[in-house]
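*Asks:* Starting off with a structure, shown below.
What follows is calculated from the coordinates using simple rules that are stated; it is not laboratory data. As the structure is a prediction and not an experimental result, all values here were calculated from the model. Positions of Cβ are backbone-derived with ideal geometry, glycine not excepted, and every protein chain shown enters the neighbour counts.
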Amino acid sequence: DTTAAVTHQIEPVVASDGKGVWLAAWVRPLPDNTDRDPVYARSVDNGATWTTAAPVGGDPEARQGDSAAPRVTTDGAGNWVTLWRTDEAWE
C-alpha cells in the first residue's frame, strides 16, 4: 500500500519564557476533517526536544465543532495560558 496519511497542522504559534521553556500550540484536524481541535507541545531545552502533542481543553472526542486562532503566552514564572476561538459547545 503506497497511500500515506497527511495531517495538516494549522495556525502554529510558539512562545518562550526566555529561560529555555517553549510552548507551541496549533489546530489539528481530525483524520476525516469533520472537526479541528487545539493541541500543544512543550520543550524544556530551548526547542531541542518536544513532548508529544496533547489536546488543549479536554478530550477532543467529547466535542464537535471547529477551533481556530490559538494564542500562547506566559508570565515568565512558570504560568502559561493558551486561548483559541471555537464554535464548540462547552458544558
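*Asks:* Whose amide H sits under 5 Å from the amide H of Val56, counting only residues 5 or more places off or on another chain, with H placed in the peptide plane?
*Replies:* Amide H neighbours of Val56: Val39, Tyr40.
*Asks:* Moving on. If packing is taken as the mean number of other Cβ atoms within 10 Å per residue, what is the order of 68-81, 14-27, 38-51, highest first?
*Replies:* 14-27, 38-51, 68-81
*Asks:* What list of ³J(HN,Hα) values in whole Hz, one per residue of the range 69-78 in order, does the Karplus curve 6.51 cos²θ - 1.76 cosθ + 1.60 (θ = phi - 60°) give from phi, with Gly and Pro shown as x?
*Replies:* 3J(HN,Hα) across the range 69-78, in whole Hz: 6, x, 9, 9, 8, 9, 8, x, 10, x.
*Asks:* May I pose another question? Counting Lys +1, Arg +1, Asp -1, Glu -1, what net charge surrounds Trp80 among other residues with beta carbon under 10 Å of its beta carbon?
*Replies:* -1
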